[in-house]
Structure formats: C-alpha cells, structure tokens
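The values are calculated or read from the model by the stated rules, or taken from the named source; none is laboratory data. As the structure is a prediction and not an experimental result, all values here were calculated from the model. All Cβ positions, glycine included, derive from the backbone under ideal geometry; neighbour counts span all protein chains shown.
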C-alpha cells in the first residue's frame, strides 16, 4: 500500500481550486483518495454548516470525476472551527494498491477507513455506539494489516442530536452537549478496539464522566452532517510504500508544547519536514490550566470548545511555525483531562 | 525610588481578597500604590463593564484605606479580555520614596505615572490626542528621571466613543472602531515622546493608516470607563532601589515566541524568575499569519481583538509556562503590523 | 402601606443620575426604598457582571445616604440582558408606612420583600431550595397582609453555580445550565407558596422536567452576584394607599401579544397609563413557535435565553409602544412551556 | 404572465424535501421558477456560508432537473439570519407565460428578474454600483411591463468585500461594513430607477451618509456568495393571471406594527390570507427607539443587524401570527432611518 498525504489550503468551505489544480497537474489521482480530513471555518458547534457544505461540494466534485460508487467509499471528516490563527485546509489521504510490484516496501504510513451503520438518536453517546465504533476501528485496522501498537491516530467523525431529533430517551436534551457525548462514546470505542480500555471496566455511566479511561490516539469530532460514524485509522507498517511516517504523543495540558518534540521523537525514521499536525483541544473542565484560573467554562458568549481550539492551535503553531494544522475541539476520553493526543505526519528524508 | 510589583489573581472583577491579604500581612503598603494594571474577564470591547467594575471596586476600597486624595493619584488600567488560557489578575506597582536613605541604589525598575486632561469626543483618535499623550509621557518620564533609551514599556489607558457620545465631527461613528483610533493616537503619542516618530512626519491621516510609524514599547488599551488617558511609564534606572528589572522586545507576528528570549536577553541583570509578561496582540490585518490565511478579520461572531488575545496569550503562556500574563488586544502603531511590543519584568537574582 | 413605583433609565450599569435627580428633587425618599428591580445590559448569562456592578453601585450609594442597616434590607434584583429593543432601566419600589393616618385606604398595590438564607451549592436547583423559597414567599406575603389570590407577581433573584463552585454532588456541572435549575426551583417555591402546586406532587425529579407544574405569577432570575434568594411579592390590597395597581396574565407562547390586553383587563380599576410591564421569556424547547421551526435551541453562537428576551421584548414593546420594559429570560416552571407570566403595573386614574 | 408564490419550510440550508415534494405532486413546474428568495440560518454577516450552501444545493438540484441554461437564469437571493422566532424557509416565485390563452387577465402579481454584470471590488458601494443596479431594475421592470407606481418590492442580492478581496481603493477595509455600503448603493440604485431619488442629487458622498435619500420598496441583502447583483422586481399589473397580489408600506421604526395594517390596506383586492411578509430591519443608528436607549450599536458580542432582525421579526410575526416571514437586516437607504419597507403578498379571495 502506498499512502500519500496532500495538505491543501481552502479559501472557503466550497473552495476546490487547490484539489483541482493537483488533479490537473496529475500529482493526485482522484481514484486513490481514501479519506479527506479538513478544518472548516464555521463555529465547530451545532449550527455549523460549513462542514456539510465542504463535504457536499467535495463529494459532488469527486462523484463527477470518479463516479458515485468510488466516491461513496471515501471517508470525509470535516472538523469545524479555525479559531485564532488556524488556517482552513483539507488533508487528502490517497492509497494506491496497484502498480506497486516494482517498488520495495519500507517503514511508512498505512491507513484503513470504514463507514459504520447509522445510529438511532437513543444510541448516540451510549455503549451501543462504543461497541459499533470499536468494531469499526478493528475492521479498518484489518484492511491496513495494522496491529494496535502501530496505530498512531484514529479519527472518527460522529453524529450529534439536534433539537429536531430530540427524544426523551436520548442521553441529553441539549444539542451542544450531545456533541460531547458522541465524541466521548466514539473515543471510548477507539480505546476499546486498541486495548487501552477493557470491555469489563466500561459502562454507560463512564461516558463523559470517568476521565481516567481514555485513548492516547483517538480524535473524534461531531457534526450535524452525518448519522453514522466515519473512521480513519493511521499507523506505520513495515510493508508500506509511503514516503510518509506518523508518530504521536499526548499533550498533558492545553499549553504542553513539549508534546511536539515527543511526537517527533516517536517517528520511526529521520524526516525531512512536517506535513501536518493533528491534535485535540479541550478547556480544562477543572477551570484551571497550570494552576491558574481560566474563564472558558463560564463564558456564555463563546463556547469553550472554540476557545480551546484557539489556545492549542496557537501554542502548537508557534512551535511548528505553521498555523495550517488540524486542531479539533472537545477531547472527552481523548488523552488525559485538559490535554489530548497529538500526531505528526512527516515526509521521510530522501 | 523603590518600585515593587505584585501579581494578584482575581476570581471576579470585584475580587479584592488577594490585595486585602497582602495588606493584612503588611507586605504591601496601600499608600505606596502608584498604578494597578489588570486583565479583567469581559469582552475587552465596547460594552465591557468588567473594567469599570474592577476600577470602581479597587478605588472605593483604597479610598477607604488611604483617602480620596491619594487614591485619585493612582493610575488604574484595566484591559478587558482573558480569552483562551489567560487568567484574570492585577499587577500592582508600588513606589516608595521615603525611608530609603540607608539603602544603596542599583540598576532596577523605576516608574512614572500621570493622568491627562479629559478629551472631547472630537479629539479622540486625532493629532490633538497624540500631542496630549506625548506630553503626558514626557512628564511621567521626568518624574522617574527616565530618558528614552531606558524606557521599556509605556501603558496608556484611553477613552472610546459610544453610541451615546456620537458626534458628526468625530473620527468615526462606529464605537468598536473608535477603540482602534484611540489606541492608535495614544500609541503615536508614546512614539512621539520617545523620538520613535518625528513630529513633522505625523498627521491626522497617518492615524490607523500608516503602520510604518510605530512605538516599540507602547501598549494602549481603550475603555468606556474613562474620558482622559492614564499613563504608566516603566524603565530601568541606575538610581533604583527595586529588586525588579524590565526588558523588552518586539513580536514580529502573533506567533513570534522567540520574542520572549529576546526580551529576556535585554534584561540588564541576571534574574531569578519572571513576575509578569506584558504584550500586545493583533490579528494581522493582511488576513495572513506566516503566509497562511486566518479567518479572524471576517468573523462576524467574535471580534478579532478577542481572538488575537487568545492566540498571543496561548503562544506566550506556553513558553513561560504561566497563563497569568498581561496580553492586550489591538496593536495599532504598537510594534509592526500583526506584531506588537513584549515586555518582561523579572525579579533580580539575590 | 403606600407603595410607589419609579421607572428610571440607566445609561450604564453604574449610572445613578436618574435616582440622584429624583432624590434631589425630593420626589423619592431613599429611606422608603423596599426593592429595586432592574434590567442591565450584560449577556444575562453566567459571566454577566453588569448585574453585580449595578447592585454594588446602588448599594454603595444608598448606604452613604441611609446607612448600612436600612440599605441591607432592600431587595436588589438585577436581570441581565437587554437584547434587541429593550432599554436598560431600574424600577424602584418604595413603601411608606408612616404619616399615612390622614389618608383613606383604597384598592392598590402593596408589596412584601425578604432575603432568604444562603444556599449550599448542593441545594441549588433542588427541593431544599423549593422549600426555602416557598417559606420566604409566605413570609413576604404576610408582611404585606396578602393572600394568594391577590398576588400578581413574585420576583425571585437566585444564585447559580460557577466553575469555581463546582461540586460532584451539585445538580449539574454546567454553569449555564445551573441557572435554569436555580430559576426552576425558585419558581416551584413560588408555586408551592401560592398553592399552584401541591407539596405531595413535587419531587427533585420534577425540577426542570415536569413542565406541567408551574406558577402563573413567578418570575425568577439567576445571577452570580448572590448566594441567597431575594424575593419581592406584589399584589393588590383593599388596605393600600398606593396610586398604582397591578394585574397579570399568562403568555401562552413567545408571540402571544394578546396577553397584554388580558393583563390590562385583570386590573381592578380604571387606569391612566402603564408604568411598566414585567414578563418572562423562553425559547420554546420543542423547537417550534406557532408550528414553525425556530433555530434558538441549536444556535451555538448566541444562547437561547438571549434571543428569547429579544423576541418577547420586541413583541410586547411594539404593543405598549415602550421598549423600556422588564423582560427576563428562562421561564422554567414560570407559565406554560414556551410562554410565561406577564404583569402590568399602572397608575390609577385620578 | 401567471405568477405563483410557494412558501416552503427548510430544516437546514441544504434541505430540498419541501421543493421535491411539490414537484413530485406536480404542483410546481421547475421550468417556471423565476426566483427563489430565502432566509437561511447563518449569522447573516460576512462569514455566513449558509447562504452559499443553500444556493449551491438548490442550483445543483434544479440543474439536474431543467438543465444549466434554464437554472442559470433563476435569481437566487438568500438572506442570512433567522434570529429569534424567525423560521428558515424559501419563497419560490414561478412565472408561467405559455398556455395562458384561455385565461382572462386580472389585477395581480407580476415579476421581473435580472442578473447584473460582476462588480470590481472598487465599485462596491459607489455610484458605479448605483448606476448598474438602477439600469438592472429598469430592465427587470420592462420584462414585466411594470411602471414605477405599480412596483411594491424590489429585492437585490449584492456582493461584499472580504479580507481576501481587500483593495486600498475600496470604499472600506472592514468586511462587515462593506455589507452596509453594498446594500446602500444597491438601494439607491432602486430609488434612482423608480424616481424616488434624482440623479443630480446623488453622489458617492451620500452613500451610507445622507439618509434622507431612500427607497420605500427596496430590500437589499449582501452576501459572500456572489460578485454581481441579482434583482427581483415585484408589482401588480392589470394584465396578470396570478391569484396573488402585493401591497406595501413603510415601517417608521423597528416596532411600527401598524405598518402591517397599512400594507394590507394598500392591496388592490380583497384577499384570503397572507402568503408572506417581506421587510427590512435596522437598529436605529441614533441609539434610540421610541425615545428609549437601545444597546444594539455598542454590543460587541452580537452584531446589530442580527438583533435588528430578531426585533422586527418578533414584532411583525406577533401580528400576523406566523414566524415564517422574510426579515432582512441592514436597511441603509431602504425606508427612513431606523425603519424600512414592508411588503405583503396575499392570496386573492376566490
């Protein structure tokens, strides 16, 4: 498997120009696209339609190029919110499996993708969702021949509950809060699949509550634009043909910039430049960062997930000298409380 | 002159507990307070009443302790907006001039403060304001026996124009924009006083427009709670008795964390720990940071000064490992476009 | 008892000019002030410090005039949020009991006020709070010799739970949501005191859930600026000396402007002009108004209580031709779902 | 010409279900669609992509049904912002000209539509735009055989200037403010076409400044999703085959609900129910409504156009008992200062 990663700036949620240009210059074959992971410039909360607009535009364009059957297999994960310095963009993951006979395998990036079934409103944020996501992650790993220790990042796009969906037996009646429950159950699904959490220590009551249970590689993002989960698993394999590698670490808090160094240290090879950083952000629910009070939890004008993205985005961007990175908000069961996983994909040195 | 600096956390704009405690433990003599420089947790824009609430509470308390005459000489500068990780706090600057005969002078922090006259609405953001601020800065420097090269930070609190104040001959009819004009004219006043800009190269038309003219040490903040300007000048002097020193540098852009190192390098002595960092933040009006598009200028939900504080606050806090720092938004004519001055006050090594 | 009501515009939360003017012209004796009920221009949510700023300024001023003992007996209720056309103001309720021997009693406004004890964080939003508020309402009614059928409006100011207060055994960990619980328990306390709800049909589980239980005259507002409840009961009595009367009705939904007419019809006398309207607003949690979808519940940029005030404020103001009215957001157990109580105080015809 | 108007609820900006249903039931022939005028649920300001998402979805769908050539002639006007009670929806205007030989003409609704050329950034908000819009309105009127006195509503969708577009010679550097300039020039174009303003009394300096110049029927709305103007002219004609009629009035201020009655009185026939109300909303720039201070101009958390829509939407909806109406924000040169035009389309009595 030959995986490649293209980072493309977007001037608006429906901006296709960068992708069109790569295809026109034959640097990217649209039939190879396995997943598109983007940051769009909406509020990243309930009424963020920039995610759906981006997906709809990309999918429409790709359907016209490669047909519906192939396009429908692509995993589209749009994470809303480019607060502060963050720069809207998409990362396109291609996977080529044919025409590789002549190339030698080497240590490098591999990926697996999967779409789960749709969820009933009552399943969102519950053990039912945890189980389905866990099986999905395992299936995606299998397609990439990946085992748990070699997995460095698992992205899940998951649904939420709007006012229109509301059900008395849903886990919450609050649409913004439903995003947290959906992210939480999805993250615990990843943790279960990877053995970070054991089946018998996990119940519905732990979801959004027992923060000692978490995944160190899960990144989950909720959106109004889907009813199922879409999963992208990334890891290194000895059987790769990719010129990219991936590593990861865990931010202990929102200002833990040393996590960048630790993630770089985890890369299996010498590298020649970072392609993208993928990380999670959360306003520490204790109300404190490094012992100092922050005001994000009590701010009724700006939701705390928005500010958390601005904080982690600025801290990490200032270290890697690039604000075009992927920072997603709300890290329930994704890394320790107040922190979150951080993955780096880099080009291998020639 | 013996200057001391106390950084005190606030749990709310009207929280006096930290100050009361210092006074009760006789670590701070309220009669010595020259200036109080704070970050309060409002939106930092037009309708931010947390600044006024903090000033009113502090002033009322100090009047009851030291009488109105002394309390009215204190400069109160509250800068609104603790977006992201920033932690609400006040820095109290004391200045003791008596009982120092026995102590040897040394290189250290000195300060001067001044209140200007009130401004007419039509003067805000114009050369009239520039001139009055310039004279105020010179007068404050004189009281501290400071010359321009030894000045490292000049904080100005300045007024704005609300809908109620509006005048056809005012520089703008937009209250949020009037904050920028007021900050700009105040900053150019500092630049003029320090010789960073020359009288004959400066006209009304340059204000908020000609960004090649700027001060490297000005920090100006507008608020609805005053009609005049209040000025605090900080520098190092050989005639000081303070155990603190100050240094500064200029951030070239909002993610320029190397400015911290440069400011530390500018300190005149070896030091034993940072007390506080004071810096300015601005969303680059070009719409780009490090060549990447940001979305702050076109965000109609959150004003760009708010996001700029979140960005610079997170970047600098992640380096100094302390989110309780002073970051003020809107850096018109304060450092280069998209950047801003950064000052550090540190304790001298024993 | 001679009750009078003064409606005074405020140009800012700390604007005392209107009150100072009335006192200077001897139209209002500050020793007679029983309650001050205001609308301030903050966000009306958790981090709204305009309420505290207004109370602190008013209380400080009145203490200087009438002493702490008298000033501390005044009930201060500041409701944040003047969204849309609403105009910041205070209503001052005076109560004179001396020097009335020569005047004949007539049908008119009477009032009772009370401060409850402080609440523990764990009590907020629970039956413990319901019981204390119910007893407080009964006590306040007793001081006014009011019986339930003659009560037309009961205002309660109640506390909330901030991130700093958070307790694992509190009713919620979400500060914005804690406002709803506190308002709900306070409203059910009123309903219990007035016999609108029976003791044995009420449990902790009903609070914020069983919306068939409600008061038709309760108006409750939460704020960070107090730890207890402050209660103002208003009604008509045959033993009054007031030139004002009060009536009320219930808005069935947020656009139910006919409620104004019904409230006027409920006034016991012919009147000569409305002094103020007091009403509650809520975004219908069903997500629909008059069968049409609204977007307030899923709006992650603006909290639904803010928009609800804008809606009800505009609807009622357009009928009474005055945007200086009291509209408070969040009507849990205050009127039917999506609606709320509406009271009118009018001057009696000469 | 037989014009029909369909009001269709939308559950999201990309919800086509209502339209698909009408087409499936053969109540609406997509080849007859002349214009679609909608309210989408974004912020209605610069970074509102719900407008573009709605247009892109509708256009894609209609292109697949009727081909690109026909679909490109449709005028799409999406106005963002359904604050408060407003309910997202589209109004579809169909125009049938064939197969009418057997039907008698009668007084009724007619329409004309036109797309202008694209505007250079430097033209937006200037006399160049005024002239092009004026000519466009005249051309659209001609296609409908309408003369000025019979025109009751002219909707213009116009472009804005984003940070990316910015030009030193543009009328403003502020993207939110560019919306006002674009709306203003478009409205004056309508006024010029209809003779409400004379060519020789109009200069660049009047735009956004001289509010004595205005149109009583213009409704203009800016958006990031187009570079030209799209114009829809509505009026009554004796040569109509429509079962609808239109009337209009002018709201003198944001709470002027009597304007509904005046607009109904202006209808040329007895009617059998309102289909939709179309009106403009503005926060009075004087800072007062009916003599009372409002806080919309100084609110740095919520833009005043958002609150203005909430106010006018609630006031008008409470009278017509339907929150699914078209209220668009920012009424520069559209009606008197603080007010705006209001049009009603009603079904004629059988």
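Here are D:148, D:168: which of them is surrounded by fewer than 24 Cβ atoms within 10 Å (Cβ to Cβ) and within 19 Å of the chain's Cα centre (by Cα)? Answer to the selection: D:148. From the list A:193, A:254, the one residue that fits, being within 30 Å of residue A:287 (Cα to Cα), within 18 Å of the chain's Cα centre (by Cα) and crowded, with 21+ Cβ neighbours inside 10 Å, is A:254.
Any residue at all in the range B:153-164 that's touching a strand residue (DSSP E or B) at 6+ places or on another chain (Cβ under 8 Å), over 19 Å from residue B:34 (Cβ atoms) and surrounded by fewer than 20 Cβ atoms within 10 Å (Cβ to Cβ)? Yes; the residues of the range B:153-164 include at least one that is touching a strand residue (DSSP E or B) at 6+ places or on another chain (Cβ under 8 Å), over 19 Å from residue B:34 (Cβ atoms) and surrounded by fewer than 20 Cβ atoms within 10 Å (Cβ to Cβ). All of (1) modelled with pLDDT under 95; (2) more than 21 Å from residue B:323 (Cβ to Cβ) hold for residue A:333 with one exception: (1).
Return a yes/no flag: does the range B:189-201 have any residue that is closer than 27 Å to residue D:178 by Cα and modelled with pLDDT of 90 or more. Checking the range B:189-201: not a single residue is closer than 27 Å to residue D:178 by Cα and modelled with pLDDT of 90 or more.
Hey, does the range C:8-31 have a residue that's crowded, with 21+ Cβ neighbours inside 10 Å and under 16 Å from the mean Cα position of the chain (by Cα)? There is no residue in the range C:8-31 that is crowded, with 21+ Cβ neighbours inside 10 Å and under 16 Å from the mean Cα position of the chain (by Cα). Filtered by the rule that a residue be away from chain B (no Cβ under 13 Å) and within 17 Å of the chain's Cα centre (by Cα), the range A:89-113 gives A:90, A:91, A:92, A:93, A:94, A:109, A:110, A:111, A:112, A:113. Do we have residue D:4 as at pLDDT 95 or above, surrounded by 18 or more Cβ atoms within 10 Å (Cβ to Cβ), over 18 Å from residue D:115 (Cβ atoms) and in contact with a helix residue (DSSP H, G or I) (Cβ under 9 Å, 6 or more places away or on another chain) here? Yes; evaluated as a whole, the condition is true for this residue.
Looking at D:186, D:221, D:237, just one residue is assigned to a strand (DSSP E or B), touching a residue at least 12 places away in the same chain (Cβ under 8 Å) and buried (at least 24 other Cβ atoms within 10 Å of the Cβ), and that residue is D:221. Is it the case that some residue within the range D:93-105 is closer than 30 Å to residue D:23 by Cα, buried (at least 16 other Cβ atoms within 10 Å of the Cβ) and out of contact with any helix residue (DSSP H, G or I) (no Cβ under 7 Å at 6 or more places or on another chain)? Checked the range D:93-105: at least one residue is closer than 30 Å to residue D:23 by Cα, buried (at least 16 other Cβ atoms within 10 Å of the Cβ) and out of contact with any helix residue (DSSP H, G or I) (no Cβ under 7 Å at 6 or more places or on another chain). For the range C:39-88, filtering for residues that are away from every other protein chain (no Cβ under 13 Å), touching a helix residue (DSSP H, G or I) at 6+ places or on another chain (Cβ under 6 Å) and crowded, with 23+ Cβ neighbours inside 10 Å leaves 2. May I ask you to verify whether residue D:182 is touching a strand residue (DSSP E or B) at 6+ places or on another chain (Cβ under 9 Å) and either within 19 Å of residue D:280 (Cα to Cα) or within 13 Å of chain B (Cβ to nearest Cβ) (or both)? Yes, satisfied. Examine the range C:293-304 for a residue that is surrounded by fewer than 24 Cβ atoms within 10 Å (Cβ to Cβ) and away from chain A (no Cβ under 14 Å), and state whether such a residue exists. No, there is no match, as no residue in the range C:293-304 is surrounded by fewer than 24 Cβ atoms within 10 Å (Cβ to Cβ) and away from chain A (no Cβ under 14 Å). Counting only residues that are at negative phi and away from chain A (no Cβ under 14 Å), the range D:11-30 holds 12 of them. Here residue A:269 meets the list (1) surrounded by 23 or more Cβ atoms within 10 Å (Cβ to Cβ); (2) in contact with a strand residue (DSSP E or B) (Cβ under 7 Å, 6 or more places away or on another chain); (3) outside any strand (DSSP E or B) almost entirely, failing just condition (1). If you go through the range C:191-218 and pick out every residue that is in contact with a helix residue (DSSP H, G or I) (Cβ under 9 Å, 6 or more places away or on another chain), under 18 Å from residue C:337 (Cβ atoms) and part of a helix (DSSP H, G or I), you end up with 2.
Looking only at residues in the range A:171-181 that are in contact (Cβ under 8 Å) with a residue 24 or more places away in the chain and part of a loop (DSSP other than H, G, I, E, B), the one that is surrounded by the fewest Cβ atoms within 10 Å (Cβ to Cβ) is A:172.
Quick check on the range B:277-286. Is at least one of its residues over 25 Å from residue B:189 (Cβ atoms) and within 14 Å of chain D (Cβ to nearest Cβ)? So far as the range B:277-286 goes, yes, one or more of its residues are over 25 Å from residue B:189 (Cβ atoms) and within 14 Å of chain D (Cβ to nearest Cβ). Note on the range B:309-339: residues that are crowded, with 24+ Cβ neighbours inside 10 Å and more than 14 Å from chain D (Cβ to nearest Cβ) total 20.
Selection over the range B:254-266 of residues that are assigned to a loop (DSSP other than H, G, I, E, B) and closer than 16 Å to residue B:318 by Cα gives a count of 4.
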